[in-house]
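Everything on this sheet refers to the single structure shown next.
Read-outs throughout are calculated quantities, based only on the coordinates presented, and are distinct from any laboratory measurement. Being a predicted model, the structure only gives us computed values, none of them experimental. Methodologically, a virtual Cβ is constructed for each residue, glycine included, from the backbone with ideal geometry; neighbour enumeration extends over all protein chains shown.
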Number of protein chains: 4
Amino acid sequence: MARTGFQGRKLGEAFEIWTEMLREENVTILMGLSGAMVPAGMRKIIAWLIRNRYIDVLVSTGANLFHDIHEAMGFRHFMGSEHVNDCKLFEEGIDRIHDVFAYEKEFNVIDYTLAEIISEMRGVMSSREFLEEIAGRLNVKDRNSIVIAAYESKVPIFSPAIADSSIGIAAALAKREVVIDTIRDVEELTEIVVNSEKTGVIYVGGGVPKNFIQQTEVVARLKGYDVRGHEYAIQITTDVPQFGGLSGCTFEEGVSWGKISGKAKKVQVNCDATIALPVLAHGLIGIRRQKYPIFNGL
Amino acid sequence: MARTGFQGRKLGEAFEIWTEMLREENVTILMGLSGAMVPAGMRKIIAWLIRNRYIDVLVSTGANLFHDIHEAMGFRHFMGSEHVNDCKLFEEGIDRIHDVFAYEKEFNVIDYTLAEIISEMRGVMSSREFLEEIAGRLNVKDRNSIVIAAYESKVPIFSPAIADSSIGIAAALAKREVVIDTIRDVEELTEIVVNSEKTGVIYVGGGVPKNFIQQTEVVARLKGYDVRGHEYAIQITTDVPQFGGLSGCTFEEGVSWGKISGKAKKVQVNCDATIALPVLAHGLIGIRRQKYPIFNGL
Amino acid sequence: MARTGFQGRKLGEAFEIWTEMLREENVTILMGLSGAMVPAGMRKIIAWLIRNRYIDVLVSTGANLFHDIHEAMGFRHFMGSEHVNDCKLFEEGIDRIHDVFAYEKEFNVIDYTLAEIISEMRGVMSSREFLEEIAGRLNVKDRNSIVIAAYESKVPIFSPAIADSSIGIAAALAKREVVIDTIRDVEELTEIVVNSEKTGVIYVGGGVPKNFIQQTEVVARLKGYDVRGHEYAIQITTDVPQFGGLSGCTFEEGVSWGKISGKAKKVQVNCDATIALPVLAHGLIGIRRQKYPIFNGL
Amino acid sequence: MARTGFQGRKLGEAFEIWTEMLREENVTILMGLSGAMVPAGMRKIIAWLIRNRYIDVLVSTGANLFHDIHEAMGFRHFMGSEHVNDCKLFEEGIDRIHDVFAYEKEFNVIDYTLAEIISEMRGVMSSREFLEEIAGRLNVKDRNSIVIAAYESKVPIFSPAIADSSIGIAAALAKREVVIDTIRDVEELTEIVVNSEKTGVIYVGGGVPKNFIQQTEVVARLKGYDVRGHEYAIQITTDVPQFGGLSGCTFEEGVSWGKISGKAKKVQVNCDATIALPVLAHGLIGIRRQKYPIFNGL
């Protein structure tokens, strides 16, 4: 596809850049994950990317992690339709995510389960530590899980806007003695970036995960480190730059801020990730990464 | 415009719904603000909306608040262009936000100023308290400011993803003895919603601010309150529902979750807010709100 | 607005470019009109633009002209909703255009009326001549009409894809002895461009009207004329360049083809025209154009 | 993919609907083709779809056919970039189509070649006849061609907006004694639809090709035939319904007009066709269609 035009070519280039990162010896691959990817069925692919170390760090919305835990605990999302009467769905206790359905009651089971787990936790911690604590205490039924794969593979997960999700809701329901200090997330992720010889970024969607990974380069520079910007960059997005938001902004714009290296290999694919991600993952099958970073110090 | 078709009609309906909220006696109006609205020059309009109490609560990205403080301290954003060489901009220390420029050095002045202020702060607090503390300590030159208008008008501002912004960066640079507990944001905003007879929402963009306001209804219900969902709802967005993300999802979808009342007056306008917001604000001139909520208890 | 950012600024710039064209003495202003602008209520604005000679030539989809004739004959489009059961609408004989409704039966009256008029016509003609013939034979009730305003103001209308519209359908129903030779449209519009000292273009949407006006520069060059490309260019569109289509392509791309002058004043506004066009028209009120081209030779 | 969510699911459903059409015995499959698909490298796929009779009729923009002829005559499109100085490209005689380049001079060779061929033609004809005449007279070097595949497979091609393309330009350059009567296109395509037991439609993009195929059902009904609307419908598009245009409108809207059967199997995939079409075509490999319509009478 890299030899066609328009977004088909971009998708081909994304594949080439990703595989080039995997062949490199000293690159840390940071993935940003936003959009309702887990309800849309992308959960197993992300877990598989983690277990194969096609990515090294995950920054995710809280929602994707909540929905992942939902499935890890044995519940499911269902194929629904966007052409429905939402008032009726409400009466029947069905929550809709575009064309995906789920039972409100089952969500509530997870809400309260998480609230219980959180009630047992103590201290001030980053969202990464918080998520590891949860992963370690979950009674998991389906291990094709992002949270579990990351826990077992020592891939750190950050969720700097975790209050804005059902995990945050669960925390608000808990008898809470834990505080999630998301500024510590900034510090931890910056440390990972500073300690990496090179970094590559893969953004599925935009939102907080994209910006949060992007800004690490700014933090590092302000802390006095000589960083060069991310050197590989892929984004799969349905946003565009014209409206000025960070989700849709070009990697070129990121160069002006020093977030992306002026010499980076970079591509943005305008496509729903539910199409682009399976195509990319299909291409990655069989590739074995030789060397990847190990995070013991965190 | 409400008598035309397509998005022109939606914009007309948005105006009608907003003015209807303002005529109501017992409605709390919650605004979500995302996208680079302040760099794009929307700062004075938002400050003016706050001072006239056309809105009662603001949930914002950290970036908009940082850029607002930047201007409040006497610095400026400049009219630039998206057709530029970003490598050169980087060399010249100019940061680009689509067609808006700013000086990296001036941003850094604010980064360090905020870091100093934050170094003086102590304790665990919500982002609302944190932002009020900052507003109270700023040495302001230009009072056409969102943060200052809100501080003076007692309009609470929440920024639940504050770590993901230059304010979060400043906090990471500080000798930090303060912890921002964003789960407390969930609790505080839910309390405001629970104590309101009715709520109306106005989303400029989507992102965390939209979802965070939406989810208060879910939290309230899980805490045992009998809430009915937001009863007025306006969104100005350039996102669409087809890709399943929360930013672009319809208010109808929100009905299935109980976030939006099945009987709500609701409209979504597909338009860049830099066009739609000035048009709406222009129409609001001269309208005087009779009664609005006062938040003493927070 | 021209001093803000993002699409708000673009809209401000569009206004500045349009007024600059109107102040120029020797510029021919060509408007391309696509999208269901007439059903959406933009008809009176377009007719007013024509009568005030804020534009000199119109290239339109056939549909907009059909719907204009529909209203000129005394029928109406109605405010409907996009949240409906379309099967029921079909049973009730209501045609839907997003949130606008119309009666199928009333459309059919116009279909047959036009078929009768067309049955009286003879010869081979351009779509411009064909549309003038129709305008001259219509028994009009509402003169706030694009077709009538153009006829009376001697503003030529071209519709090079006229077969693809209800006017084309009417022609297919007629006892037809007329042939619409749209290649003649190419020749006529190129002649207008060649005989103009300067040209400016205003595209409402993209589609055939945009490309058809753009390509005149290529035709002129191939015919041996020394043309410089359009020197003013405005587009209001909801398309983007990333997918490679002509509707969304940038004016910069047009420069590579020589369609747009390298020195042209040009801007593209990403916004639904049902919002942008009324705002622009509102700004034009009171501006009087000193000099405009007169097309006697056609 | 049909078991995921969002546009990934839609793409899966599109595949299922297409293969179901191919298994049907009495369905005529009409493809609409718009957007710069040939410059983007989709030419061989379309030609392959035609030769395998995965489609029976093609309605295309003139541009795609021109670019196909360009390659059939031995010229090429080249991989370029959208990050370029278009003024320089103009000076160097390179035409840009987003990230695809071509030599203006080579285009001109085809312009004049076609002008010569057209100068030899006589009479009044539909665009289908016109295109067959051209195909029969071309001195072809590369037979992986849409126009040639269609000619050899007796798949009719219509181009009702042909004046709006470089083929139209060539006609305007010719010593022309031929007239393309696009109203005849309406008549011919309606006849095909009326004579088909069932019809299915596949729209790559929107534009004139989509509407032109859609409207055949309206023409047939007005001519007194008892048609039921297309019974299978697929669209791959990057447009959305919110702005009211026909390119982005839903198939549900088409149901209200009787263009699409209320019982049709229908799906719209929001995705650049340069991604979706290769994925679909890849899935079709090996499927052999048992029975397809033969058009001798045209």
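Label-point spacing for D:Asn195 across the identical copies (point 7 Å from Cα in the Cβ direction), in nm and ascending order: 4.4, 7.5, 7.7. What is the Cα centroid distance between segment D:125-202 and segment B:211-227, reported in whole angstrom? Spelled out, the Cα-based centre of one part sits 60 Å from the other.
Return, ordered by residue number, the residues of segment D:115-139 whose backbone nitrogen is under 16 Å from a label point located 7 Å along Cα→Cβ of D:Leu298. Only D:125-137 fall inside the zone, counting backbone N under 16 Å. Among the GluC sites (Glu not before Pro) in segment D:53-136, those placed in a DSSP loop whose Cβ has at most 15 other Cβ atoms within 10 Å are D:Glu120.
Under a 5 Å amide H cut-off, with hydrogens placed 1.01 Å from N, D:Asp181 pairs with D:Met125, D:Ser126, D:Ser127 among residues at least 5 apart or on other chains.
Reducing segment B:34-100 and segment A:242-286 to their Cα centroids gives an inter-centroid distance of 23 Å.
The share of alpha-carbon pairs in segment B:6-283 lying farther apart than 27 Å comes to 39%.
Going by the alpha-carbon gyration tensor, a ≥ b ≥ c the square roots of its eigenvalues, is segment C:1-150 rounded (a/c under 1.5) or, if a/c is not under 1.5, prolate (a/b greater than b/c) versus oblate? Oblate, since a/c reaches 1.5 and b/c is not below a/b. Comparing the protein assembly as shown with the 2.2 N^0.38 Å rule of thumb, its C-alpha radius of gyration ratio is 0.92 (two decimals). In this structure, the residue pairs whose Cα-Cα separation is over 29 Å, taken from D:Lys154/D:Lys266; A:Lys259/C:Lys263; A:Lys210/C:Lys263, are A:Lys259/C:Lys263; A:Lys210/C:Lys263.
Along the positive direction of the dipole of segment D:6-283 (beta-carbon charges: Lys, Arg +1; Asp, Glu -1; about the Cα centre), which of D:Ser127, D:Ala233, D:Ala264 reaches farthest? Farthest along the dipole direction, towards plus: D:Ala264.
Only the Cβ atoms of Lys and Arg (+1) and of Asp and Glu (-1) were treated as charged; on that basis the dipole of chain C about its Cα centre amounts to roughly 960 debye. Summary for A:Phe78: label point 7 Å along Cα→Cβ; distances to the equivalent points in the other copies, ascending, 3.7, 5.7, 5.9 nm. Taking amide H as placed 1.01 Å from N in the peptide plane, A:Gly32 has its amide H under 5 Å from the amide H of A:Val59, A:Ile202, A:Tyr203, A:Val204, each at least 5 places away in sequence or on another chain. Among C:Asp164, C:Asp181, sorting on how many other beta-carbon atoms sit within 10 Å of each Cβ, with the fewest leading, yields C:Asp181, C:Asp164.
Rounded to the nearest 20 debye, the dipole size of the protein assembly as shown about its Cα centre is 0 debye, using +1 on the Cβ of Lys and Arg and -1 on the Cβ of Asp and Glu. When the trypsin sites (Lys or Arg not before Pro) in segment D:13-67 are filtered for DSSP coil states and for at most 15 other beta-carbon atoms within 10 Å of their beta-carbon, no site remains. Sorted shortest first, the separations between the A:Ala2 label point and its copies elsewhere in the assembly read 3.3, 4.5, 5.6 nm; each point sits 7 Å from Cα along the Cα-to-Cβ line.
Here the chain A residue lying nearest the rotation axis onto B, judged by its C-beta and given with the distance in whole angstrom, is A:Ala161, 2. Among the residues of A:89-99, the average count of other protein chain beta-carbon atoms within 10 Å of the residue beta-carbon is 6.
By the count of neighbouring beta-carbon atoms within 10 Å, fewest first, A:Tyr203, B:Tyr225 end up ordered B:Tyr225, A:Tyr203. Residues A:Glu20, A:Glu191, arranged from fewest to most other Cβ atoms within 10 angstrom of their Cβ, appear as A:Glu20, A:Glu191.
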